[in-house]
Structures are given as C-alpha cells and as structure tokens.
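Working notes, structure below.
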Amino acid sequence: MRRELHRRGLRYRINHPGLPGRPDIALTKAKVAVFVDGCFWHRCPEHGTTPRNNRDWWVAKLNRNVVRDRTKDAALAELGWIAVHVWEHETVTDAADRVETIWRKRIMSRFAGSRSARTTRRGPGTD
C-alpha cells in the first residue's frame, strides 16, 4: 500500500505519533489518516470470524476494538482529519485508488479557498 501511494506521488508519514490511533499512513498535507485493518481484529463483515473457545471474551474484546476505532475516528475529525479504513483483503490498487481520490478531493478543497486560487492573473492587454 505504501509503495503504491508513493509511486502515485503521495507523500506521507508512517505511524504518526502525534495523531490519535497512530495511523498506519498519515497524508499530512491533506489531513488523511489511513488505517489498514485486519479482518479478524476489526470485525470485517465479509471475513471476520469469532473463535469458538472462550467466545464471550472474544466477542467483548473484538467489539472493544471496533468502539476504539470509532473513538479515534471522532478524535481525528475534531482535529480536522479524515480517517480512512482499508481492509487487509482489499487489493492494493483498489485501496490506493480510494485513498488517492479522498486525498485529491481534500487537496482541491483546501486550495480552492486560498487567496491564490481566487485571484486571476491578468496579462498584458487585458484591460
């Protein structure tokens, strides 16, 4: 995933310590935090399973993981970041496409409000 994002020209920090949840990939310019979630640990609706032994303990444990994910997403949102969760079973290309699309939208909206984007340059003879 990191290699593919880098190949596409996106620059990032890994496990950014200053952000809630220490995102796997932090695209700081656009404030996009990417988490690559394991199907088992984060209760993937397609591939998540629950062990048969000690089932109640595992259900509680895995549910706490999901609650913690939502809590860190909310904390990131309060800081102006968007959290993107990628499942481990997703193809690298599909996941990178999704992340890049979000990154581009955030970059465009960020610069659309800047002064340089609002002013038009006038060339000679355009009086």
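A short reminder: the numbers here are calculations on the coordinates, not readings from a lab. Given the structure is predicted, the values throughout are model-derived calculations rather than measurements. When we count neighbours, we look across all protein chains shown, and the Cβ atoms used for this are built from the backbone with ideal geometry, even at glycine.
Rg ratio for the chain: its Cα radius of gyration over 2.2 N^0.38 Å, N being its residue count, equals 1.39. Close amide H contacts of residue 84 (hydrogens built in the peptide plane, cut-off under 5 Å, sequence separation of 5 or more or a different chain): 33, 34, 35. Between 71, 57, 19, the Cα set farthest toward the positive side of the dipole of the stretch 6-101 (charges on each charged residue's Cβ, about the Cα centre) is that of 19.
So what's the angle, to the nearest 10 degrees on a 0 to 90 scale, between helix 92-112 and the longest Cα principal axis of the chain? Rounded to the nearest ten degrees, it is 40.
With bins 10 Å wide beginning at 0, the percent of Cα pairs of the stretch 17-91 falling in each bin runs 19, 45, 28, 8, 1. Protection proxy ranking, highest mean first, for peptides 66-79, 90-103: 90-103, 66-79, where packing is the per-residue count of other beta-carbon atoms within 10 Å, averaged. Taking label points 7 Å from Cα along the Cα-to-Cβ direction, residue 97 and residue 64 give a separation of 3.8 nm.
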